[in-house]
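Structure, as structure tokens:
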Amino acid sequence: MLLKPALRFSIMLPGCSLRSIIFSHEFLWCLMPTGGKREATVRKPHNQVSMPRDFREFCCEHVSVSEAGDGFQVLFEKTPNSEEGYVLVQRHFEFPDGGKCYLETDDREFCGHFRFRGAQLSRNWFQMVFGIRPVKEITVFFKATDSAYAEVQRVLQIMIPEIRLT
């Protein structure tokens with residue numbers, strides 16, 4: 001049985017298209033207070049462990065792909081050669097790396113060698129989840145020609161074999 005969304009609202013980020021966020025009935029139920037006015041706490045469904053998460057979103061006008069020997073990289077940039085608003089994903093296969101990619105952004109908290117817990121690519125966005133305590137997530141909204149997107153898809157599938165294409 002499918003339920004209708006309990007709450008839906010839309011947001012627009014600068015330079016990005018309109019995004020809708022839908023909250024389920026189960027999620028909203030978790031936010032209901034369990035005590036009186038002074039004892040309100042957030043309800044957690046049983047069997048669910050909450051982990052801290054850090055989120056970042058980037059809107060990038062430029063994307064480039066590079067290959068050198070056994071190394072691959074995809075660079076998303078707000079503008080070409082920008083020092084701000086960029087996401088770099090690299091992987092080198094010349095030495096065993098345990099499936100880790102090197103990730104770099106303009107935020108040092110999101111830089112380092114990580115094994116992705118999940119990755120998803122669609123025509124206009126790339127999302128990656130990585131790290132442990134806190135779990136971190138980066139979503140990159142980007143624009144690319146069909147040929148540039150095909151190259152991004154090809155290289156990301158080499159670097160992250162378990163990536164989900166949508």
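List of remarks:
- Check: the stretch 53-165 dipole with +1 on Lys, Arg Cβ and -1 on Asp, Glu Cβ, in debye: 520
- Averaging 1/r across all pairs of distinct Cα atoms in the stretch 53-165 and inverting the result yields a Kirkwood radius of 14.0 Å.
- Relative packing of peptides 75-83, 138-146 - highest average C-beta neighbours within 10 Å first: 138-146, 75-83
None of the figures in this text is laboratory data; all of them are computed from the coordinates on show. Here the structure is a predicted model, which means the values were calculated and not measured. Methodologically, a virtual Cβ is constructed for each residue, glycine included, from the backbone with ideal geometry; neighbour enumeration extends over all protein chains shown.
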